[in-house]
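The values are calculated or read from the model by the stated rules, or taken from the named source; none is laboratory data. None of these values were measured; they are calculated from a predicted model. All Cβ positions, glycine included, derive from the backbone under ideal geometry; neighbour counts span all protein chains shown. Only protein heavy atoms, including side chains, enter the accessible area calculation; ligands, DNA and RNA are left aside. Shrake-Rupley method; radii C 1.70, N 1.55, O 1.52, S 1.80 Å.
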Amino acid sequence: MSLVELADIAAEQWGLITTAQAEAAGSSRKAVGRLARAGVLERLAHGVYRLAGTPADPRDDLRAAWLALDPARVAGARLRDDPPEVVSHRSAAALYELGDLDADRHEFIVAGRRQTRRSDIRFHRAALTAADWGIVDGLPCTTVVRTITDLAADRTDGGHLAGVVRDALTVRHVDVDGLARALIPYAARYGAPTDDGEALLTRFLDEAGVPEATRRTIELTSGDQRTIEGTA
């Protein structure tokens, strides 16, 4: 495998390449190791490298973790299918830049039973529909609303979840009514009246310190913003 071929693969997936992809293209593990020792490749995780000269990106660790879940297949081929691993929960919130949750583990929703030896990866088993996820910065990721409901179901503390909700409404402009409906099952859990998603949303906005003027703007614009929920 030539360096040009390696660069072509990396160019399609954020400047990253896996050992398995290099092998599938006719290289060898020893050759990959030699390139790493020569500084042509920089190791990001076991079996995942960044091509020298590619600017570092805060999302690289998450991208490397996702590539490592199916290391032989290139990102484009995986995204043409319904991806079996979708970025979710805290990792999705970080990808959208919502709130200030610690994302010390890479979290993915998977359709079936899945295990890993990596302590920094967490799988959640669930069935997703096409409406539950989209492509965000080149990665399959749960929508903003689905991310929030997943965090609520995972019992994320209310203070941090309030920050996520605040940014979802003020930065990502999700639909207020849609988010309130999605939060209905979690209302009592977070101290709002049972089955009252609007009251829970209000509670979160109070806790996040969102001023009244900003709330009025959110309510006025929400109807025009429905179609961009969950986009990058």
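One residue stands out in the range 202-214 among those that are within 13 Å of THR170 (Cβ to Cβ) and buried (at least 17 other Cβ atoms within 10 Å of the Cβ): the one that is farthest from the chain's Cα centre (by Cα), namely VAL210.
Do we have LEU35 as in contact (Cβ under 8 Å) with a residue 24 or more places away in the chain, open to solvent by 40 Å² or more (accessible area, probe 1.4 Å) and of a type in the set (A, V, I, L, M) here? In short, yes. Find the residue count for the range 166-201, including only residues that are open to solvent by less than 20 Å² (accessible area, probe 1.4 Å), within 16 Å of THR214 (Cβ to Cβ) and in a helix (DSSP H, G or I). Summing the residues that are open to solvent by less than 20 Å² (accessible area, probe 1.4 Å), within 16 Å of THR214 (Cβ to Cβ) and in a helix (DSSP H, G or I) in the range 166-201 gives 4.
Check the range 139-158 and report whether any residue there is of a type in the set (Lys, Arg), surrounded by fewer than 19 Cβ atoms within 10 Å (Cβ to Cβ) and either within 25 Å of GLY76 (Cβ to Cβ) or in contact with a Lys or Arg (Cβ under 6 Å, 6 or more places away or on another chain) (or both). The answer is no, given that none of the residues of the range 139-158 is of a type in the set (Lys, Arg), surrounded by fewer than 19 Cβ atoms within 10 Å (Cβ to Cβ) and either within 25 Å of GLY76 (Cβ to Cβ) or in contact with a Lys or Arg (Cβ under 6 Å, 6 or more places away or on another chain) (or both).
Table: residues versus (1) among the polar types (S, T, N, Q); (2) under 17 Å from PHE108 (Cβ atoms).
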{"residue": "THR143", "(1), (2)": "yes, yes"}
{"residue": "ASP154", "(1), (2)": "no, yes"}
{"residue": "VAL165", "(1), (2)": "no, no"}
{"residue": "LEU179", "(1), (2)": "no, no"}
{"residue": "ARG203", "(1), (2)": "no, no"}
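Taking the range 82-115 as the range and being open to solvent by 60 Å² or more (accessible area, probe 1.4 Å) and of a type in the set (S, T, N, Q) as the test, only GLN115 passes.
Residue count for the range 1-57 satisfying the condition of being within 26 Å of SER119 (Cβ to Cβ), under 27 Å from the mean Cα position of the chain (by Cα) and among the β-branched types (Val, Ile, Thr): 4.
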